[in-house]
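Novice: Shown below is the structure under consideration.
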Amino acid sequence: MKRGRARLIDLKGRGLDALLVSDISSIRYLSGFTGSSAFVVITQDRRFFLTDTRYATQARGELFKGFQIKIYRKNGLEEVIRLLEAIQAEAVGFEGDCLSYDSFKKLDGALKGVKLASAPELVRGLRKIKDADEVGRVRESIRILDLGFKEAQRCIRAGAVEKEVAFSIETAFIRHGADCPAFDTIIASGFRSALPHGKASGKKIKNGEFVVVDMGARLDGYNSDETRTYCVGRAGPRQKKIYQTVLDAQQRAIDSIRPGVAASAVDAAARGHIKKAGYGRFFGHALGHGVGIDVHEAPTLSPFSKDVLEAGMVVTVEPGVYIPGEGGVRIEDMILVTEGGAEVLTKTPKGLVCL
Ligand code: ZN
Ligand code: ZN
């Protein structure tokens with residue numbers, strides 16, 4: 001049984017004597033539990049795992065070493081309150097961006113004299129840096145994802161329906177061993193390729209259109225996320241220019257990645273290039289995000305990000321140009337920040353492919 005990661009949480013440094021974890025992805029990260037309903041409470045030297053009767057057997061099989069398991073029949077939060085009273089916690093951290101307002105009110109009302117402090121960064125901060133085991137799982141998930149792009153190239157042609165292409169790809173994911181797609185597969189053709197999140201619709205793909213394919217596979221709790229944009233038939237000069245602009249912007253951003261670099265500077269490397277080419281107002285979203293147990297997690301690569309890159313982070317770099325009513329291009333890869341710089345994990349080639 002694995003030791004788990006709860007011991008790495010710095011409660012003292014934050015002035016806390018307990019941390020209540022309610023984000024189910026963080027619970028999985030700390031405890032190994034793969035179910036959908038639980039709480040974790042961490043103190044300086046103890047770890048508690050609380051879940052309901054449905055998960056009693058599963059939890060005993062999955063949990064990392066060192067957790068004391070409590071099974072509740074009625075209300076999880078009441079069990080959490082009883083536990084925090086029993087361990088006489090005086091300052092308790094919680095994930096303010098995840099615990100509901102009603103749950104917070106209940107805790108605050110019941111725990112008289114206890115200081116409650118929002119500290120979502122305690123686990124989120126650990127999750128930003130992937131250990132070797134996590135990087136291995138991400139690589140496996142990407143291996144399946146890259147096979148999915150082979151399927152995409154096989155299916156995309158004039159006359160194909162977006163949803164049917166998505167179905168073929170998602171079937172290929174499962175056939176190659178994925179647990180499920182990481183999110184709703186995006187197949188966005190023609191004018192729909194200008195929608196940054198145009199999930200597959202009933203639209204027929206036509207000749208001369210861009211097709212944005214943004215998808216991911218999930219395996220063993222870890223996700224992958226990659227985008228390629230194809231052209232159906234022959235690409236026109238304007239399409240080639242847009243494609244090349246996005247590709248060059250992405251390469252500039254990837255080249256700037258190494259430990260110690262501000263995430264906002266990586267964003268600027270791509271955004272500056274797109275601006276210079278005259279497409280600045282057609283690139284609105286952030287450049288990238290961390291990927292792990294959640295498809296979108298810390299750090300964020302955007303103009304407003306305060307994150308600084310560190311070895312072990314796995315991030316996407318995904319610039320795009322979207323011209324409303326006309327079409328769009330996005331190219332996305334997953335990058336592992338290494339001691340020496342960056343390793344591109346996603347392997348599907350990204351020169352303009354016309355299908
Ligand atoms: Zn994506
Ligand atoms: Zn992404």
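Novice: Just flag the trypsin sites (Lys or Arg not before Pro) in segment 1-44 sitting in loop per DSSP whose Cβ has no more than 13 other Cβ atoms within 10 Å. If you can, show how the numbers build up before the last one.
Specialist: Values: sites: 2, 3, 5, 7, 12, 14, 28; in loops: 2, 3, 5.
Those that pass, being in a loop and sparsely packed, are 2, 3.
Novice: To continue, here is another question. Quick check on the chain: take the gyration tensor over C-alpha atoms, sort the square-rooted eigenvalues as a ≥ b ≥ c, and tell me if it's rounded (a/c under 1.5), prolate or oblate.
Specialist: prolate
Novice: Now a separate question. Would you list, by chain and number, the lysines whose Cα falls below 21 Å from the Cα of residue 130, excluding same-chain residues fewer than 8 positions away?
Specialist: In chain and number order, the partners are 2, 65, 306, 347.
Novice: For residue 116, enumerate residues with amide H under 5 Å from its amide H, sequence gap 5+ or separate chain, H modeled in the peptide plane.
Specialist: 92
Novice: Can you run phi through the Karplus equation (6.51, -1.76, 1.60; θ = phi - 60°) for segment 223-229 and list ³J(HN,Hα) in whole Hz, with x for Gly and Pro?
Specialist: 10, 10, 7, 8, 10, 10, 10
Novice: Rounded to the nearest 5, what % of DSSP beta bridges with both residues in the chain are antiparallel?
Specialist: Details: 43 of 56 bridges.
Looking only at bridges with both residues in the chain, the antiparallel portion is about 75 percent.
Novice: Please identify every one of the trypsin sites (Lys or Arg not before Pro) in segment 225-328 that sits in a loop by DSSP and has no more than 13 other beta carbons within 10 Å of its own beta carbon. Before the final figure, lay out the partial values.
Specialist: Numbers: sites: 228, 234, 238, 240, 241, 252, 271, 275, 276, 281, 306; in loops: 234, 306.
Taking segment 225-328 and a limit of 13 other Cβ atoms within 10 Å, the loop trypsin sites (Lys or Arg not before Pro) found are 234, 306.
Novice: Select from segment 85-147 those trypsin sites (Lys or Arg not before Pro) which occupy a DSSP coil region and have at most 11 other Cβ atoms within 10 Å, ordered by residue number.
Specialist: 112
Novice: Right, here's the next one. Name the long-range amide H neighbours of residue 353: under 5 Å, sequence gap of 5 or more, or other chain; modelled H, no Pro or chain starts.
Specialist: 231
Novice: Hey, another quick one. Under 8 Å for C-alpha pairs, at least 6 residues apart: give me the relative contact order for the chain, rounded to a whole percent.
Specialist: 14
Novice: Gap in Å between the Cα centre of segment 79-119 and the Cα centre of segment 1-54?
Specialist: 14
Bear in mind that the values in this text are calculations on the coordinates, not laboratory data. Please read these numbers as outputs of a predicted model, since none were measured by experiment. All Cβ positions, even for glycine, are placed from backbone atoms using ideal geometry, and neighbour counts span all protein chains on display.
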